[in-house]
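Below you'll find the structure, written out as structure tokens, and then a few comments.
The values are calculated or read from the model by the stated rules, or taken from the named source; none is laboratory data. These numbers come from a predicted model, not from an experiment. Counting neighbours? That spans all protein chains shown, and the Cβs are built from the backbone with ideal geometry, glycine included.
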Amino acid sequence: MTRNITCVTCPMGCSITVEINDAGEVVSVSGNTCKRGETYAKNEVTHPARSLATTVRVNGGIYNVVPCKSSEDLPKEKIFDCMKAINEARVDAPVKLGDVLVENICGTGINIVATNHCPAK
Ligand code: SF4
């Protein structure tokens, strides 16, 4: 089986073809211009992951929400559950840049951290 992937690691956006055997192992990678593309393509077919950037609601802050992101890329299949958990989360002001807003989100071992401040009212 082959999968065609567009590498999003840099703006060149190379089209990469990954050949996978019946056991789901990567047999070959072609079309990548550099080694980073090979790594991206292998991960994409074996352990796809995405960074997540969104906002969390804040109680008692001068803003209603604070921007946040995942401390590492999250498993792609968990993104929907993680978004749901973040939408349900509430944190109390003040929030400082780098504060952990949701710890170990959905059991991934990855934290959701603030990417800006939100002072209290
Ligand atoms: S394969 Fe290399 S050059 Fe091509 S998009 Fe990926 S990182 Fe960029």
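Test of understanding: among Thr39, Thr17, Thr9, which residue is among the β-branched types (Val, Ile, Thr), near the ligand (Cβ under 6 Å from one of its atoms) and within 21 Å of Lys76 (Cβ to Cβ)?
Values: Thr39 fails: near the ligand (Cβ under 6 Å from one of its atoms); Thr17 fails: near the ligand (Cβ under 6 Å from one of its atoms).
The conditions single out Thr9.
Here are some residues: Lys42, Lys69, Lys121. Which one is among the charged types (D, E, K, R) and farther than 28 Å from Gly13 by Cα?
Lys121
Kindly indicate the residue of the range 16-47 that is hydrophobic (A, V, I, L, M, F, W, C) and either out of contact with any Ser or Thr (no Cβ under 8 Å at 6 or more places or on another chain) or exposed (fewer than 12 other Cβ atoms within 10 Å of the Cβ) (or both) and also farthest from Asp81 (Cα to Cα) among those meeting that condition.
Cys34
If a residue has to be modelled with pLDDT under 95 and in contact with a Ser or Thr (Cβ under 9 Å, 6 or more places away or on another chain) to count, how many in the range 48-71 make the cut? Even if it seems obvious, please write down each step before you answer.
Going residue by residue through the range 48-71, those that are modelled with pLDDT under 95 are 48-51.
Going one step further and asking which of them are in contact with a Ser or Thr (Cβ under 9 Å, 6 or more places away or on another chain), we end up with 50-51.
Result for the range 48-71: 2.
So how many residues does the range 52-82 have that are within 14 Å of Thr115 (Cα to Cα) and within 16 Å of the ligand (Cβ to nearest atom)?
0
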